[in-house]
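Each remark here refers to the structure printed beneath this line.
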Amino acid sequence: MHAPDSFRTARWLRTLNLVLQAVLFLTLFGGLNYLARNYAWRFDLTQHRRHSLSAETRSYLHNLPLPVRIVATFTEDAENPEVAQAWRDLNGLLREYVYETEGRAARITVSYIDVYQQRREAEQFGIEQPNVILLTCGDKRRVVTLDELYRVEAMEKKAFLGEQAMTAAILDVSNPARKKIYFLAGHGTLRIDDVDPARGLSALNDQLKLRNFDVELLDLGTARRIPEDAALVVISAPQVRYDASEQELLRQYLATRAGRVILMLAPGVAHGLDDLLYDWGVLVDDVAIYDTNPESFSDNGDFILRNFAPHPITQTLLDYRMTLRTGLCRSVRPDPGRATGNGLVVTTLAATYPTAWGEVAYNLRQQPVFDPGIDLRGLPNMAPANRLGVIVASERVQVRDNLPFSVRTGRLVAIGTDSLVVNQRLATEGNLTFFLNAVNWAVARDTQLNVPARPIERFQLSLNQRELTRLRYSLMVALPAAAALLGLLVYWSRRN
């Protein structure tokens with residue numbers, strides 16, 4: 001009498017169990033989708049981080065002042081293979097820009113149009129030619145062509161420069177004005193229009209312009225003033241002393257106008273800026289640095305700096321274990337006799353190994369040897385202990401009326417070499433990264449990293465006719481035969 005009730009109960013229990021499993025299954029996947037949508041983690045495991053933006057670009061985007069619209073006038077099914085490749089390379093990059101600015105007031109939007117099939121939309125944007133990228137922000141416009149997206153050598157694309165070109169264009173259209181950098185001319189300084197590998201700065205000039213800076217030359221002997229729009233003044237290895245009036249112009253610019261200066265000083269050359277450096281607690285010694293540690297030199301004789309202090313300028317070098325490569329250096333260090341308590345913060349950014357010394361008699365034609373009591377050694381009571389500084393940063397932070405905020409005035413970076421950013425050494429990743437970080441810190445642009453180019457990897461097989469025939473028969477006969485033989489072995493083993 002009770003058996004049917006038991007079967008009925010078991011059937012209902014099985015049905016309820018299946019329903020609960022389905023509900024739990026749907027709940028699990030619903031919860032996973034909710035977490036993926038609202039709390040997503042993204043990891044780029046590719047070698048050259050092809051599917052993510054650099055830290056420098058992300059910093060720019062987080063501080064984007066106005067929304068930017070990007071319109072690309074090429075499509076995936078373009079007949080031209082180069083245009084189709086550009087679409088594939090750029091499409092993923094533009095998605096990252098959109099993703100990085102989602103949920104922000106100033107965001108980036110991207111759209112694609114065909115100028116032949118969507119004439120009305122093209123006319124609204126004022127686009128007449130295909131295969132370009134248009135960026136608009138308010139009434140400002142900037143066009144990026146496909147040629148700007150690649151570095152080409154010997155008629156072959158070597159690297160994808162899309163992120164560099166797009167970030168520079170976004171900065172161009174979104175910022176109302178560019179910061180202006182003046183390189184002092186005269187006195188035998190390195191020039192930004194010189195293409196000489198050992199003395200020119202033309203490559204640096206290109207890199208600064210790519211990052212939305214205006215770069216100009218300034219001759220203090222002629223102008224007798226520093227322009228009001230100077231965001232930064234760079235003094236690049238003068239070979240002749242500055243006179244007292246020129247030094248005073250620079251001192252007033254730093255002190256009264258919250259100026260910013262990057263100073264590169266070659267060893268063995270009198271610069272005439274001792275009073276300015278004294279104001280900012282920096283001591284530049286008239287020595288040439290030598291070292292017996294083999295880790296201080298590269299195979300081509302470059303002097304290598306590996307020891308950095310934590311600072312916004314050097315943090316990238318520390319994170320990525322980069323080095324600086326230079327020629328002959330002189331000692332630059334915080335002045336031990338500088339006044340304290342005046343808000344002046346002096347930091348040794350880059351230093352030598354403890355085995356290095358500053359050679360006083362560097363002009364003598366003989367093998368340098370450390371002479372105790374004559375040559376210069378690092379001090380044990382000054383950071384970094386027992387090391388000679390080569391690059392120093394100084395800034396003055398003033399607190400006004402005991403208010404809970406500070407007002408930054410001037411900033412100075414002193415570099416004890418003239419060869420850090422010349423054309424032949426700017427290709428060193430650490431050198432370029434360091435100088436760009438120094439510029440960004442000096443002008444208070446809160447970004448740190450250089451945008452790297454992404455190499456285009458190609459894999460090519462070189463086969464002769466016999467090897468090609470062998471490969472063809474292997475794919476057509478050998479692989480199917482191997483699969484058939486494996487099937488026969490499985491069948492035979494199961495039968496027995």
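Every read-out reported here was derived from the displayed coordinates using simple, explicitly stated rules and does not represent laboratory data. Quantities reported herein were computed from a predicted structural model and do not represent experimental measurements. Note that each Cβ is placed from the backbone with ideal geometry, even for glycine, and that neighbours are counted across all protein chains shown.
What is the one condition in (1) within 27 Å of Asn423 (Cα to Cα); (2) in a loop (DSSP other than H, G, I, E, B) that Leu379 does not satisfy?
Among (1) within 27 Å of Asn423 (Cα to Cα); (2) in a loop (DSSP other than H, G, I, E, B), the lone unmet condition for Leu379 is (1).
Kindly provide the set of residues from segment 287-308 that are part of a loop (DSSP other than H, G, I, E, B) and in contact with a Ser or Thr (Cβ under 6 Å, 6 or more places away or on another chain), ordered by number.
Result: Val287, Asp291, Thr292, Asn293, Arg306.
From the list Val132, Val173, Val143, exactly one residue is among the β-branched types (Val, Ile, Thr), farther than 30 Å from Gly327 by Cβ and without any contact (Cβ under 8 Å) to a residue 40 or more places away in the chain. Which is it?
Being among the β-branched types (Val, Ile, Thr), farther than 30 Å from Gly327 by Cβ and without any contact (Cβ under 8 Å) to a residue 40 or more places away in the chain holds for just one of Val132, Val173, Val143, which is Val143.
Considering segment 180-204 alone, what residues qualify as being touching a strand residue (DSSP E or B) at 6+ places or on another chain (Cβ under 7 Å) and surrounded by 21 or more Cβ atoms within 10 Å (Cβ to Cβ)?
Ile181, Tyr182, Phe183, Leu184, Thr189, Leu190, Ile192, Leu201
Considering Leu349, Leu344, Leu364, Leu324, which residue is crowded, with 18+ Cβ neighbours inside 10 Å and over 18 Å from Leu305 (Cβ atoms)?
When all the criteria are applied, what remains is Leu344.
Would you point out which residue out of Arg224, Arg178, Arg211 is under 21 Å from Leu66 (Cα atoms), free of Cβ contacts under 8 Å to residues at least 40 places away in the same chain and of a type outside the set (Ser, Thr, Tyr)?
That would be Arg178, the only listed residue that is under 21 Å from Leu66 (Cα atoms), free of Cβ contacts under 8 Å to residues at least 40 places away in the same chain and of a type outside the set (Ser, Thr, Tyr).
For the subset of segment 77-110 comprising residues that are acidic (Asp, Glu) and within 16 Å of Val132 (Cβ to Cβ), which member is surrounded by the fewest Cβ atoms within 10 Å (Cβ to Cβ)?
Out of the qualifying residues, it is Glu82.
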